[in-house]
Structures are given as C-alpha cells and as structure tokens.
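Derivation of every value follows stated rules applied to the coordinates shown; laboratory data play no part. These numbers come from a predicted model, not from an experiment. Using ideal geometry, Cβ is built from the backbone for each residue, glycine included, and neighbour counts are taken over all protein chains shown.
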Amino acid sequence: MVAHTKDRIARIRAEGLVVNDLGLRGVNAASSVDVIQTENFSKELSESEIKVLISQLLEAGFSGVLITNVINTEQYKDVIPGGSNVDYQPPQYGRFGQYYNYYPATSWEPDRIETAVDYTVESCLYDITSAKQDNLQWVGRFKLKNPRDIKEAIAQYSKELVDALLDQSINP
C-alpha cells in the first residue's frame with residue numbers, strides 16, 4: 001500500500017489503517033513505509049528504478065501494489081435555509097383590550113452559508129507479477145466530503161476502500 005500525501009504522519013496512518021483492515025479480512029498486505037523505505041515519492045522514478053523496485057517487491061513475496069492519490073479538491077458552499085418560529089402568547093381573558101390585541105409573534109432566522117472542501121481520492125491496484133506493460137487491475141474513486149478530522153477521514157476511506165477492493169477485485 002502506497003499513499004501519496006504531503007504529510008508523512010498522514011501517510012503512515014493511512015497506509016497502516018488500510019493494511020490493518022485488509023489483514024482483518026484475510027489479505028496479506030504491508031505498508032510502503034515498512035517495505036520500500038523511502039521518505040516520500042515526490043520524485044518521478046525512471047524505468048530502471050521501477051524495475052528494481054518491482055523485483056525487490058517480488059523477491060519479498062508481493063504480487064501487487066495499491067497506490068492512492070488525492071486527485072481533486074473542490075471547495076463548495078452549502079446554503080442552510082433559515083426558517084420562521086411562531087410563538088403564541090396566552091390570551092388574557094379578563095380584559096377586553098388584552099384579548100382583542102392577541103396575535104402570534106413570529107421571528108425569522110436567516111439562511112446560513114457553510115463552506116467546505118470535498119476530496120476525491122483514487123486508488124489503483126497493479127499486478128506486478130504480470131510481465132505485460134498494462135498491469136492495472138482495479139481503480140476505485142472515493143469522495144471524502146468535508147473531512148473535519150484526519151483520523152475519521154482516513155478510517156472512512158480505509159473501510160470504503162477495503163470493502164470495494166474485496167467486492168470488486170481481490171479474493172483473500
């Protein structure tokens with residue numbers, strides 16, 4: 001499992017959770033942090049570096065690589081409609097003027113505008129045992145709507161990813 005992130009801690013957390021969730025479902029997986037031993041994947045690898053990496057992974061017993069990227073961030077606004085509130089005052093029956101002036105008191109709450117960010121995350125599974133040039137096995141896209149907490153967002157993504165991956169692609 002390889003997660004491309006700017007933040008190393010988020011990468012470690014995401015990879016670890018996905019590996020753990022896959023393990024709970026009977027799939028043997030490992031984090032790139034533990035296997036590849038690189039700080040990040042910010043530089044582009046040459047064809048020879050990719051071949052060396054694939055041969056190292058094959059020697060270690062791996063048959064596939066799962067790579068995750070954030071492919072889109074989109075800011076949006078939600079308009080939460082306001083409303084009205086009607087309060088009825090109890091009538092005063094004892095006096096003519098009090099009962100005659102009885103009316104409902106209405107208050108209005110304005111609309112609220114909330115801004116947030118959606119993240120589109122794409123995960124691709126590659127079969128590294130295949131000698132063919134095109135060894136893409138599966139692609140999954142997931143939308144994280146306004147994640148407020150990185151831990152919750154990663155947990156949600158991990159669950160959705162593992163469920164989709166096992167339903168559509170691999171068998172433990």
Rg(Cα)/(2.2 N^0.38 Å) for region 105-157, N = residue count
2.07
I need the fraction of alpha carbon pairs in region 49-90 separated by more than 15 Å, rounded to a whole percent.
72 percent
Scan around ILE128 for amide H atoms under 5 Å from its own, H built in the peptide plane at 1.01 Å from N, and keep only partners 5 or more places away or cross-chain.
GLY64, VAL65
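State which entries of LYS6/LYS151; LYS51/LYS159; LYS51/LYS132; LYS51/LYS151 exceed 24 angstrom in Cα-Cα distance in the structure shown.
Numbers: LYS6/LYS151 16 Å; LYS51/LYS159 31 Å; LYS51/LYS132 13 Å; LYS51/LYS151 34 Å.
Too far apart for the 24 Å limit: LYS51/LYS159; LYS51/LYS151.
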Hand me the trypsin sites (Lys or Arg not before Pro) from region 111-172 located in a DSSP loop with no more than 15 other Cβ atoms within 10 Å, in residue order please.
LYS132, ARG148
Applying the Karplus parametrisation 6.51 cos²θ - 1.76 cosθ + 1.60 with θ = phi - 60° to the phi angles of region 126-136, what ³J(HN,Hα) value in whole Hz is obtained for each residue in order, glycine and proline being reported as x?
10, 8, 7, 7, 7, 7, 5, 5, 9, 10, 5
